[in-house]
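Written out below as structure tokens is the structure these notes cover.
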Amino acid sequence: MKNVMVRAWEIARTAVIKFGGKVKEYFSQALTIAWREAKNVVEEVAHFGYMVAAKNDQMIMFALEDKEGLHVYPAWNNRNPQYELEYQTGMNKQTGKTVRFYTAETFKADLEIVCGEVSELLLINKGVVTFK
């Protein structure tokens, strides 16, 4: 919360420099922008930049941001490197960032995504994807 407020004041001060007036005149809109920025950062970090690249009845191809130390394992194997999912690298055309493309079954796949000490479960069941 404090970071959002600090960021809002920064945005408002920048607006004063650019357009003139008083900081309090810009603060309301600056706060809206700061909250939007904070929300986007949390969503990206929380799901490692997850997005669906392609999907059919049997398989789903999804992309994760290419980060050092990122690993995807079947949830049942306790992070055994022997079972780490293979991936292909590519480019996210919207963000311009390098991504890793993974493929999994749409019927039932429980995957663990690990990067450093952060870990999330990606549950795929009959084509429905949820994070846990």
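The values are calculated or read from the model by the stated rules, or taken from the named source; none is laboratory data. This is a predicted model, so every value here is computed, not measured. Positions of Cβ are backbone-derived with ideal geometry, glycine not excepted, and every protein chain shown enters the neighbour counts. Accessible surface is based on the protein model in full, side chains and every heavy atom, while ligands, DNA and RNA are left aside. Shrake-Rupley method; radii C 1.70, N 1.55, O 1.52, S 1.80 Å.
With contacts taken as Cα pairs under 8 Å at a separation of at least 6 residues, the chain carries a relative contact order of 17 percent. Neighbours of Asn77 by Cβ distance under 14 Å: Lys/Arg scored +1, Asp/Glu scored -1, total -2. So for the pair Glu10, Phe107, with labels modelled 7 Å out along Cα→Cβ, what separation do we get in nm? The two pseudo-label positions are separated by 5.0 nm. The alpha-carbon of Lys97 sits under 30 angstrom from the alpha-carbons of these lysines, leaving out residues fewer than 8 places away in its chain: Lys2, Lys39, Lys55, Lys67, Lys108, Lys126, Lys132.
Under the shape rule built on the C-alpha gyration tensor, where the axes satisfy a ≥ b ≥ c, region 86-132 is oblate, since a/c reaches at least 1.5 while a/b does not exceed b/c. For the options Val16, Val114, Val72, a Gaussian network treatment of the chain with springs between C-alpha atoms closer than 10 Å singles out Val16 as fluctuating the most. Rounded to the nearest 10 Å², what accessible area does Phe131 have for a 1.4 Å probe in the complete protein model? The value for Phe131 is about 60 Å².
Using a 1.4 angstrom probe on the protein heavy atoms only, line up Ile11, Ile17 by accessible area, largest first.
On the way: Ile11 30, Ile17 150 Å².
Largest to smallest exposure gives the sequence Ile17, Ile11.
Find out how many positive minus negative residues lie around Tyr102, taking Lys and Arg as positive, Asp and Glu as negative, among other residues whose Cβ is under 11 Å from that of Tyr102.
Details: positive: Arg100; negative: Glu84, Glu86.
Local net charge: -1.
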